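Below is one structure, written out as structure tokens; the observations come after it.
What follows is calculated from the coordinates using simple rules that are stated; it is not laboratory data. Computed from a predicted structure; not experimentally measured. Cβ atoms come from the backbone with ideal geometry, glycine included; neighbour counts cover every protein chain shown.
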Amino acid sequence: MKALILAAGLGTRLKPITNHIPKALVTIEGKTLLEHQILKLKSAGFNEIIVNVHHFADQIIDFLHSKNNFDIRIEISDERNCLLDTGGAVRKAAWFFDEGKPFLVHNVDILSNVDLMDLMKFHLSSDSLATLVVNQRKTSRQLLFDKQMQLKGWFNETTGQTKPQEINLQLYQKFAFSGIQILSPKVFQLMEKWNEVFSIIDFYLSNVDKEKISGYTNNEIKVLDVGKIQSLEEASIFLKNIIQ
């Protein structure tokens, strides 16, 4: 199975640490975030991985070489010239996903106890364009799902902005997106008319009336965003108590 690890971000919320290293190489419990993700994916059966890079890209490439690519196939999607956002990153990596099979996309700074094999099985049985891992946790940006856990919109609790603009919030359940998702290769056809830089969430929202975009959740899912300084200590506890 194949996967994309999104590791190109600037890591601005992790400054000053990321003044000298990329977010992907921030260390938690003796391993970099990138290593944690690769080992999790590898243990779940993902043996071909592409990593997108931008901020301190050479450091990530050198790190992977030093680890002999963890004895699996690992390729690089080079975004040093232009950071493409999540949707653009997926489209740029299209050449890697050439088998016509669903693939995983995983943010490098997300730790979770999600069973990735179960997630893939769920996606394969759902006939969805994409399956997004979500849970109910505090966040300002919420995805809106109907009772069948089909994506219908987006809501920013801080600004009050909604997408689509006229959506009735009372009709839908609010969930936080985890940064973990399975995509059907059909996304590449639908992305052809998009600009080079775009958000994967905006792409999904533009397709909710035409495509099935599912939410995957259960009461056991634990997710931690390690994208900010105050979450680093919490991440060590999370790994000890949840992952290991």
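If Rh is defined by the Kirkwood formula over all Cα pairs and Rg also comes from Cα, what ratio Rg/Rh do you get for the chain? Numbers along the way, then the final one.
Details: Rg = 17.3 Å, Rh = 18.4 Å.
That ratio equals 0.94.
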remark   = Of all DSSP beta bridges with both partners in region 2-243, the antiparallel percent, nearest 5, is 55
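To one decimal place, what orientation-averaged projected area in nm² is obtained for the convex hull of the Cα set of region 111-164?
Numbers: hull surface 19.1 nm².
Directional mean of the projected Cα hull area for region 111-164 stands at 4.8 nm².
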key: Inter-part distance where region 25-69 and region 116-187 are each reduced to a Cα centre, Å   = 27
task = With only alpha-carbon atoms counted, please give the Rg and Dmax of region 141-243, in Å.
result = 15.9, 45
query = Say the dipole of the chain comes from +1 at the beta carbon of Lys and Arg and -1 at that of Asp and Glu; which of I60, T32, T131 then lies farthest toward its positive end?
reply = T131
ask   = Charges only on Cβ, +1 for Lys and Arg, -1 for Asp and Glu: so what's the dipole of region 6-129 about the Cα centre, in debye to the nearest 20?
value = 260
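Using only helices, what value at 222 nm comes out for the chain when you add -39,500 (n - 2.57) per DSSP H run of length 4 or more and divide by the total residues, to the nearest 500 deg cm²/dmol?
Working: 7 runs with 59 residues, N = 244.
It lands at -6500 deg cm²/dmol.
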query = Using only the Cα atoms of region 124-194, what do you get for the radius of gyration and for Dmax, in Å?
reply = 13.2, 37
query = When Lys and Arg each count +1 and Asp and Glu each count -1, what net charge do the other residues less than 11 Å away from F103, Cβ to Cβ, add up to?
reply = -1
remark   = Residues other than F155 with Cβ under 9 Å of its Cβ, Lys/Arg counted +1 and Asp/Glu -1, net out at +2
Loop chymotrypsin sites (Phe, Trp or Tyr not before Pro), region 146-244 (other Cβ atoms within 10 Å of the site Cβ: 16 or fewer; DSSP) = W194
task = Among the aspartates and glutamates, select those whose C-alpha is under 13 Å from the C-alpha of K138, and discard any that sit fewer than 8 residues away in the same chain.
result = E157, D225
inquiry  = Could you tell me how far the Cα centroid of region 190-217 sits from the Cα centroid of region 224-238, in Å?
reply    = 29
task = Could you list the GluC sites (Glu not before Pro) in region 153-244 that lie in coil according to DSSP, counting only those with at most 15 other Cβ atoms within 10 Å of their Cβ?
result = E157, E166, E192, E196, E220
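Between Rg and the Kirkwood Rh of region 181-234, both from Cα atoms, what is the Rg to Rh ratio? Mind dumping the intermediate values first?
Working: Rg = 15.4 Å, Rh = 14.2 Å.
Dividing the radius of gyration by the Kirkwood radius yields 1.09.
In debye to the nearest 20, how big a dipole does region 2-243 give about its Cα centre with +1 on each Lys and Arg Cβ and -1 on each Asp and Glu Cβ? Write out the running numbers ahead of the final one.
Working: 28 positive and 28 negative charges, 83 e Å.
So the magnitude is around 400 debye.
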